[in-house]
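The values are calculated or read from the model by the stated rules, or taken from the named source; none is laboratory data. Not measured: the values here are computed from a predicted model. Cβ sites come from the backbone with ideal geometry, for glycine too, and all protein chains shown count toward neighbours. SASA here: full protein model, heavy atoms, side chains in, ligands and nucleic acids out. Shrake-Rupley method; radii C 1.70, N 1.55, O 1.52, S 1.80 Å.
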Amino acid sequence: MDLVINIVEQLINGLRTGSIYALIALGYTMVYGIAKMINFAHGDIIMVGAYSLYVFYGILGLPAAVAVILSIIVCAVLGVVIEKVAYKPLRNAQPLAVLITAIGVSFLLQNLALLIFKATPIPFGSIIRVPSVQIAGIHISGITIVTLVVTTISMILLTLFINKTKAGRAMRAVSEDKGAAELMGISVNGTISLTFAIGSALAAVAGLLFICQYESLQPTLGALPGIKAFVAAVLGGIGSVPGAMLGGIVLGIIESLSKAYISTQLSDAIVFGVLVVVLLVKPSGLLGKIRIEKV
Amino acid sequence: MIAVKKYQKLLINIGIAVVIYVLVMLAIQFGWVGRQLLSMIVPVCTNVMMAVSLCLIVGFLGELTLGHAAFMSVGAYSGALVSMNLPLPGWLSLAVGLVVGGVVAALAGVIIGVPVLRLRGDYLAIVTLGFGEIIKSVFNTLGITGGASGLSGIPLMTSYRNFTLVFILTLIVVVVVSNLVKSRQGRAICAIRDNYIAAEAAGIKVSKYKVMAFVISAFFAGVAGVVYAHNISILKPGNFDYNTSIEILVMVVLGGMGSIRGSIIAAVILTLLPELLRGVADYRMLVYSIVLIVMMLFNNSKFKEKLMARRQAAKVSKEA
Amino acid sequence: MALLEVRNLGISFGGLRAVDSLDMTIDQGQLYGLIGPNGAGKTTVFNLLTGVYRPTEGIITLDGQNLVGKKTVEINKAGIARTFQNIRLFKNMSVMDNVKIGLHNHFKYNLFTGILRLPGYRKVEKSMDERAMELLKVFDLDKEAGNMAANLPYGKQRKLEIARALATEPKLLLLDEPAAGMNPNETEELMKTIQFVREKFKMTILLIEHDMKLVSGICEEVTVLNFGTVLAQGKTGDVLNDPRVVKAYLGE
């Protein structure tokens, strides 16, 4: 019985981390779907979101809700600015050039944070005041509940937005065929900006949930979740929105179970091992479409 | 006439190598430079080896890998373990260690070669990154590598006091890679970069040459790792993380992707830069990242196109 | 004597029948045309012949040797070389090196000879250079040998692709719309070059083309494809006057 409870708790832990990965992965996958590039700086948006919350809430003392909203706005704007300055001029360049620029942006954000906030971790108390609950002997923490609720709502809203609104339709059109979408009167630049804004806003949400869980700030805090979420996006099939959600959750659960039952140190190796195996079997990821180059 | 030119180039290259060697030796002998700079001599060499070997994959094969440091770590650990445990005289065990380090890294290159054959571009980049992280966590858990606390007590056999050996090894890496890319095999590798479909249609076995490039590159990264290990004497898995791979990649990119000479110059400058800019060390990575972004933007800008067109026009009018 | 024999060749992509029961025989030394409206499946036929796609059914033999199921590289070695509709050169390599890639399987030395610059390296590279130069001269590209392929004008890029294909010493040369994007003068010149190649190298050539002047000017026989099936086949003059062919091209 204890073992069952333990497994269920680990699964819930996995679901919590996994849903945060999924939020971040959505940003990777949406940007990839539309701009056909890997936004390596996406992980660092998480970090910016976390530090913004620290500045607005911890330093300026704004109310939590206002601080959260401001942090999300900061990240969304930052995402759009990064795209305009660093990626847009490279839209027709070779993929390697874009990827390296993105790596440059990632380094830039990390080092700016390092200069401003220094390398020593800053403690940060969680803003979430939800009590934990006990269901059938299973302990679920308040942060877990909030995380699951927030990520579920975000994913539902995103799905509705993509499928039901005009802007969402424009997004799908641009990801299918940029040229044709432009001919149909869709503003490609506007749609790409919007995608970056939404992706970065989701990353900000993930960043807020992330620091409420770990309660400590560091300039490199976004790097590892960023990479993991990227792995999740690739695992699910990059470019696919449901794929990113699935990939994130699968990854979170694998990580949680291997940490609990195999080895904490090897959990990263296992996560990446699963990715390698999945890609070898299905190079386009779990739900991805295969693109064949036309000869 | 052309033959004379060829030999002229060769002589110039030999001349440059000799001058660099003599200058560094004199600097070491007569204490022209401070201890800090002295300690940078071997890292410069290992970074040159790393950058030149990575250049083979990124610049000539045209595939992006984010796990080059993993090959280095595989070479460093296996080479160090061999030279520490072999009951042979010091120099002999180092020699065996260099070969073993290179070969084990090359084997890792074969393993990574499997996904290389199936995946391209962004997907390959993420898999190599994952491969690097897997290797890192394995070294973190293994008992024989000392786990997270590291492998210590490696004999100091490739420090700046043995610059001649390190220099010769670096030279070998540079010469082999330069000769390779100008050979029949290197041409095939470049053809795959430019257009793998056309290369296949022209009878080039794409998979064979992709794996060849990865294996050779991994071998030299492994050798660089052995030199690294015997210079700092203690190895920790954290020394070979994703950021190390990226730093090497930055050298190759700033060197002009596909220019061996450029990779060497970038490796030397970027390794020495933090030492030379000790006062502004905090800003080093910031400058790094800005340079990287600006370089990429400039390389793909209309401004550069115009500049190149003007240069071409000037060249033509000069010839006429 | 038949060099290339294609029997009942077909391929489906999902539910789409891209090529259906194609029969085609090309004799040694023939200049053969494959024509048809856009989307008729012409390039798909090239991709089937060169192993890019694997046919769903049918037989392809070159000189009696089965080609179905072989990889592109093996098919090239068996004797089929091609050019591409959207030019595929090695753009960042010199014109000379582009041709030398074509020579790759005919002039060999091992990895160590190359890395250590043993005497074999210089010897083989020298004969490669000479052979490549001969080929470049045929296409009047010898003066451009040192230039980057990307810097060649369009017409010369097409020629370089043909030179590279010929360097692999094929028995059958496939040209995918060689005159695409050329003006009438360039097309005229290309026709002469194709005929010259055929005579000089005793080459059998199969070409896809939209330019009817070029097809009727140099092809002895043609196959007309429409929606993946053969609409007409035979002597060029007869086929081009076939009312069905005229209809497929010009509509009702």
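Taken together, the residues in region A:81-102 that are β-branched (Val, Ile, Thr), within 9 Å of chain B (Cβ to nearest Cβ) and surrounded by fewer than 22 Cβ atoms within 10 Å (Cβ to Cβ) amount to 1.
Among the residues of region B:77-89, is there at least one that is more than 30 Å from A:Leu96 (Cα to Cα) and among the aromatic types (Phe, Trp, Tyr)?
Yes, the conditions are met somewhere in region B:77-89.
No other residue among A:Ala67, A:Ala50, A:Ala25 is within 14 Å of another protein chain (Cβ to nearest Cβ), touching a residue at least 24 places away in the same chain (Cβ under 8 Å) and either of a type in the set (A, V, I, L, M) or out of contact with any Asp or Glu (no Cβ under 9 Å at 6 or more places or on another chain) (or both) apart from A:Ala25.
Set side by side, the residues A:Leu246, A:Leu275 differ, and just one is away from chain B (no Cβ under 13 Å) and either over 30 Å from C:Val45 (Cβ atoms) or open to solvent by less than 10 Å² (accessible area, probe 1.4 Å) (or both), which is A:Leu246.
When restricted to residues that are among the aliphatic types (A, V, I, L, M) and under 21 Å from the mean Cα position of the chain (by Cα), region B:135-177 contains 13. Considering the conditions (1) farther than 23 Å from B:Val48 by Cβ; (2) open to solvent by 10 Å² or more (accessible area, probe 1.4 Å); (3) more than 20 Å from the chain's Cα centre (by Cα), B:Phe131 is excluded by exactly one of them, (3).
Considering each of C:Phe139, C:Phe107, C:Phe90 in turn, give the residue that is aromatic (Phe, Trp, Tyr), facing chain B (nearest Cβ under 10 Å) and under 19 Å from the mean Cα position of the chain (by Cα).
It is C:Phe90.
Screening A:Leu78 with (1) more than 9 Å from chain B (Cβ to nearest Cβ); (2) not in a helix (DSSP H, G or I) gives one miss only, at (2).
Taking the conditions (1) farther than 30 Å from B:Pro89 by Cβ; (2) surrounded by fewer than 18 Cβ atoms within 10 Å (Cβ to Cβ) in turn, B:Val177 satisfies each one other than (2).
Residues that are of a type in the set (S, T, N, Q), over 20 Å from A:Thr147 (Cα atoms) and either modelled with pLDDT of 95 or more or open to solvent by 30 Å² or more (accessible area, probe 1.4 Å) (or both) within region A:16-74 are absent altogether.
Annotation: of all residues in region B:244-263 being outside any helix (DSSP H, G or I) and more than 10 Å from every other protein chain (Cβ to nearest Cβ), the one that is surrounded by the most Cβ atoms within 10 Å (Cβ to Cβ) is B:Gly255.
Rundown of residues vs (1) open to solvent by less than 20 Å² (accessible area, probe 1.4 Å); (2) under 12 Å from A:Ile34 (Cα atoms); (3) touching an Asp or Glu at 6+ places or on another chain (Cβ under 9 Å); (4) of a type in the set (Ser, Thr, Tyr), yes/no style:
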position: A:Thr165; (1), (2), (3), (4): no, no, no, yes
position: A:Gly168; (1), (2), (3), (4): yes, yes, no, no
position: A:Ala173; (1), (2), (3), (4): no, yes, no, no
position: A:Glu176; (1), (2), (3), (4): no, yes, no, no
position: A:Gly185; (1), (2), (3), (4): no, no, no, no
position: A:Gly190; (1), (2), (3), (4): no, yes, no, no
position: A:Phe196; (1), (2), (3), (4): yes, yes, yes, no
position: A:Leu208; (1), (2), (3), (4): yes, no, no, no
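Within region B:152-199, which residues are facing chain C (nearest Cβ under 8 Å) and over 24 Å from C:Met148 (Cα atoms)? Residue satisfying the conditions is B:Val176 alone. Quick check: is even one residue across region C:165-178 modelled with pLDDT of 90 or more, more than 30 Å from C:Asn8 (Cβ to Cβ) and open to solvent by 20 Å² or more (accessible area, probe 1.4 Å)? Taking every residue of region C:165-178 in turn, none turns out to be modelled with pLDDT of 90 or more, more than 30 Å from C:Asn8 (Cβ to Cβ) and open to solvent by 20 Å² or more (accessible area, probe 1.4 Å). Selection within region B:107-124: residues that are more than 7 Å from chain A (Cβ to nearest Cβ) and within 15 Å of A:Leu96 (Cα to Cα). The member of this set that is least open to solvent (accessible area, probe 1.4 Å) is B:Leu124. Select, from A:Leu109, A:Leu148, the only residue that is more than 14 Å from chain B (Cβ to nearest Cβ) and modelled with pLDDT of 90 or more. After applying the criteria, what remains is A:Leu148. The number of residues in region A:249-270 being more than 10 Å from chain B (Cβ to nearest Cβ) and among the polar types (S, T, N, Q) comes to 2. Within the option set C:Val124, C:Val45, C:Val95, being more than 10 Å from chain B (Cβ to nearest Cβ) and under 25 Å from B:Phe60 (Cβ atoms) holds for one residue only, C:Val95. Taken as a whole, the structure leaves C:Phe112 outside the set of residues that are at pLDDT 95 or above and either open to solvent by 30 Å² or more (accessible area, probe 1.4 Å) or part of a loop (DSSP other than H, G, I, E, B) (or both). Scanning region C:57-87 for residues that are open to solvent by 30 Å² or more (accessible area, probe 1.4 Å) and either touching a residue at least 60 places away in the same chain (Cβ under 8 Å) or at the interface with chain B (Cβ under 10 Å from one of its Cβ atoms) (or both) yields C:Asp63, C:Lys71, C:Glu74, C:Lys77, C:Gln85, C:Ile87. Taking the residues in region C:10-38 that are in a loop (DSSP other than H, G, I, E, B) and more than 13 Å from chain A (Cβ to nearest Cβ) as candidates, determine which candidate is most open to solvent (accessible area, probe 1.4 Å). For region C:10-38, the residue satisfying everything is C:Asn38.
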